Amino acid sequence: MTNLTQTVREIALEQPHSIRVFERFGIDYCCGGRKPLAEACAEKQIAMDEVVAALEAAVNSEAPLPVDWSQATLRKLIDHIVATHHAYVKSELPRLAVLAQKVVNRHGDTQAHLLAMQSLLVLLDDELIHHLGKEEHVLFPYIEKLEGALLSGGAHPEACFGTIESPIGMMTSEHEAAGAMLAEIRRLSDNYTTPVGACPTYHAYYDGLQEFEQDLHQHIHLENNLLFPRAIAMEAAGVGVTA
Ligand SMILES: [Fe+2]
Ligand SMILES: [Fe+2]
């Protein structure tokens, strides 16, 4: 039974099936998920009854349950994020860039929104690749060391920043910026609606962008709602600090 006083983020954490429902209704469960479901539905002008019915149908469905990462070690969660979502971003952005260029070459002179979308995609590529590098080379190794100290009772790891909240704050605002760029791409494409008679490349481009946005939401959900709060709590508990 869906608890209507919970935030969207809390529902996504407790009921992993709900993520598919939130994607279908366009409800933000990652960067903007800290609001009650009723408020999120009102903002999107969606009937809450419909969303609640879909959530309950999802919970009762036979579809395989997504992995519950709330019980995994942070190292396993990081391995999953890097192997699945970071690898996908790195392989998909160049493919989308090729599709964007082909569609612009063919239709850019009559469809100005394609040029605006391509510029945003270039910017998104640049920002996301830097973002993934900071996570993989600075933040994630620190979180793994922090967890290692907890498990072994060892000393608190050295950090090149004050507290972990500092890089996490930076990563969270970069998530918001990336989410906003993709929301703008979605708006420019009229919710990824291809024109009548669009060629297969046009369809592949819009389908690819839509999948990319959904994957990024799941990626950000795992970081903002699971990995980061657990890492902050671990550091705040004074893990492994020697007196
Ligand atoms: Fe990431
Ligand atoms: Fe991230």
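In the stretch 1-12, the residues that are closer than 18 Å to Ala47 by Cβ form Cβ pairs under 9 Å with partners that are among the hydroxyl-bearing types (Ser, Thr, Tyr) and not in a helix (DSSP H, G or I), at six or more places apart or across chains, as follows: Val8/Tyr29; Ile11/Thr2; Ile11/Tyr29. Quick one: would you say Gly197 is within 23 Å of Val82 (Cβ to Cβ) and either of a type outside the set (Ser, Thr, Tyr) or in a loop (DSSP other than H, G, I, E, B) (or both)? Here the answer is no, as Gly197 does not meet what is asked. Ala233 falls short of the stated requirement of being away from ligand 2 (no atom under 15 Å from the Cβ), touching a helix residue (DSSP H, G or I) at 6+ places or on another chain (Cβ under 8 Å), part of a helix (DSSP H, G or I) and among the aliphatic types (A, V, I, L, M). For Glu135, the conditions (1) within 16 Å of ligand 2 (Cβ to nearest atom); (2) farther than 28 Å from Thr194 by Cβ; (3) exposed (fewer than 13 other Cβ atoms within 10 Å of the Cβ); (4) not aliphatic (A, V, I, L, M) all hold with the exception of (3). If you go through the stretch 188-231 and keep only what is within 16 Å of ligand 1 (Cβ to nearest atom) and among the hydrophobic types (A, V, I, L, M, F, W, C), you end up with Phe212, Leu216, Ile220, Leu222, Leu226, Leu227, Phe228, Ala231.
Of the helices (runs of 4 or more DSSP H) entirely within the stretch 74-178, those holding at least 2 residues that are more than 17 Å from Leu227 (Cβ to Cβ), under 20 Å from the mean Cα position of the chain (by Cα) and within 16 Å of ligand 1 (Cβ to nearest atom) occupy 87-107, 112-134. Scanning the stretch 185-194 for residues that are touching a helix residue (DSSP H, G or I) at 6+ places or on another chain (Cβ under 6 Å) and part of a helix (DSSP H, G or I) yields Ile185, Leu188. Picking from residues in the stretch 152-171 that are touching a residue at least 60 places away in the same chain (Cβ under 8 Å) and surrounded by fewer than 16 Cβ atoms within 10 Å (Cβ to Cβ), the one that is nearest to Tyr29 (Cα to Cα) is Glu165.
Here the condition is being outside any loop (DSSP other than H, G, I, E, B) and surrounded by 18 or more Cβ atoms within 10 Å (Cβ to Cβ); of Cys41, Cys31, it holds for Cys41 alone. Screening Val52 with (1) in a loop (DSSP other than H, G, I, E, B); (2) over 16 Å from the mean Cα position of the chain (by Cα); (3) among the β-branched types (Val, Ile, Thr) gives one miss only, at (1). When His217 is tested against (1) surrounded by fewer than 20 Cβ atoms within 10 Å (Cβ to Cβ); (2) under 14 Å from the mean Cα position of the chain (by Cα); (3) within 20 Å of Leu121 (Cα to Cα), only condition (1) is not met.
Quick check on the stretch 6-17. Is at least one of its residues within 22 Å of Ile185 (Cα to Cα) and outside any loop (DSSP other than H, G, I, E, B)?
no
Condition first: more than 14 Å from ligand 2 (Cβ to nearest atom) and polar (S, T, N, Q). Now tell me which residues in the stretch 170-217 satisfy that. Matches in the stretch 170-217: Ser189, Asn191, Thr193, Thr194, Thr201, Gln210, Gln214.
A short reminder: the numbers here are calculations on the coordinates, not readings from a lab. Values in this document were obtained by computation on a predicted structure and should not be read as measured data. Reconstructed Cβ throughout: ideal geometry from the backbone, glycine too, with neighbour counts over all protein chains shown.
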